[in-house]
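Engineer: Following this message is one structure expressed as structure tokens.
The values are calculated or read from the model by the stated rules, or taken from the named source; none is laboratory data. Values in this document were obtained by computation on a predicted structure and should not be read as measured data. So basically every Cβ, Gly included, is an ideal-geometry build from the backbone, and we count neighbours across all protein chains shown. Surface areas here come from the heavy atoms of the whole protein model, side chains and all, with no ligands, DNA or RNA. Shrake-Rupley method; radii C 1.70, N 1.55, O 1.52, S 1.80 Å.
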Amino acid sequence: DTAVSQTPKYLVTQMGNDKSIKCEQNLGHDTMYWYKQDSKKFLKIMFSYNNKELIINETVPNRFSPKSPDKAHLNLHINSLELGDSAVYFCASSPRRREIKANYGYTFGSGTRLTVV
Amino acid sequence: AQSVTQLDSQVPVFEEAPVELRCNYSSSVSVYLFWYVQYPNQGLQLLLKYLSGSTLVESINGFEAEFNKSQTSFHLRKPSVHISDTAEYFCAVSSLGSYQLTFGKGTKLSVIP
């Protein structure tokens, strides 16, 4: 009954490899996000999709490409991994913005710890 | 543009003592405010939130926060902390009309036995 699930939880890979992180939410939310948490615990948004449409695309290297096959899934593909990509990546989701109700909020997955060696 | 400032990066406090974690935000429009907690090696859990209505909001584990529009603050308080409250606490803001949730840099709360 996990609300936002990410796989894998840990990912260790070599520089130059291509890897993907998957995210799925079963909350019926319209909007999904990817955040990066660096070694100093700072959380920064990378991308956001609303009903499969890209709405936020922060300054992120184009080696990072999000893909949303449907509104319940938002995957993150990373090409040519670099040492600086090592971080914890969090997926999140939220309900539609036009209707702010008492249950409005952002639900986060448990994170994927990516280590590039 | 929206931003959040958490004034203290680390707050050590003795068990059963009160604590306040400070958060100030900046936005030109109405905001929604959140506090998240991250226990060691875990994900982010929503602690409490302000959307509208009463400016004082409470969590189930004894934390409370008060939205102060004039001071653009949303400080987190607990009258008596436990060892289990040791964690990283993040304040976050989302402005009216924006999908983006912007986080502060976090405050590490260390409860000392």
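Engineer: Scan the range B:87-104 for residues that are assigned to a strand (DSSP E or B) and small (Gly, Ala, Ser) and report the count.
Structural biologist: 4
Engineer: Additional query: Just the residues that are at the interface with another protein chain (Cβ under 8 Å from one of its Cβ atoms), among the hydroxyl-bearing types (Ser, Thr, Tyr) and part of a strand (DSSP E or B), please, taken from the range B:34-58.
Structural biologist: Of everything in the range B:34-58, just one residue is at the interface with another protein chain (Cβ under 8 Å from one of its Cβ atoms), among the hydroxyl-bearing types (Ser, Thr, Tyr) and part of a strand (DSSP E or B), namely B:TYR36.
Engineer: Here is a further query. Looking at B:SER110 and the list (1) of a type outside the set (Val, Ile, Thr); (2) within 23 Å of B:TYR25 (Cα to Cα); (3) at pLDDT 95 or above, which single condition is not satisfied?
Structural biologist: B:SER110 satisfies all of (1) of a type outside the set (Val, Ile, Thr); (2) within 23 Å of B:TYR25 (Cα to Cα); (3) at pLDDT 95 or above except (2).
Engineer: So which residues in the range A:45-54 are closer than 15 Å to A:ARG96 by Cβ and open to solvent by 60 Å² or more (accessible area, probe 1.4 Å)?
Structural biologist: If the condition is that a residue be closer than 15 Å to A:ARG96 by Cβ and open to solvent by 60 Å² or more (accessible area, probe 1.4 Å), then A:ASN51, A:LYS52, A:GLU53 are the ones that fit.
Engineer: Here is a list of conditions, (1) crowded, with 19+ Cβ neighbours inside 10 Å; (2) under 21 Å from B:GLY104 (Cα atoms), and A:ASN57 meets all of them except one; can you say which number that is?
Structural biologist: In the conditions (1) crowded, with 19+ Cβ neighbours inside 10 Å; (2) under 21 Å from B:GLY104 (Cα atoms), A:ASN57 misses (1) alone.
Engineer: Inside the range A:48-117, counting only strands (runs of 3 or more DSSP E) that do not spill past its ends, which hold 1 or more residues that are within 14 Å of chain B (Cβ to nearest Cβ) and in contact with a helix residue (DSSP H, G or I) (Cβ under 8 Å, 6 or more places away or on another chain)?
Structural biologist: No strands (runs of 3 or more DSSP E) qualify here.
Engineer: Something else about it: Could you list, ordered by first residue, the pairs with Cβ atoms under 7 Å in which the first is in the range A:37-59 and in contact (Cβ under 8 Å) with a residue 60 or more places away in the chain and the second is surrounded by 14 or more Cβ atoms within 10 Å (Cβ to Cβ), at least 6 apart or interchain?
Structural biologist: Between residues of the range A:37-59 that are in contact (Cβ under 8 Å) with a residue 60 or more places away in the chain and residues that are surrounded by 14 or more Cβ atoms within 10 Å (Cβ to Cβ), the close pairs are A:GLN37/A:LEU43; A:GLN37/A:ALA87; A:GLN37/A:VAL88; A:GLN37/A:PHE90.
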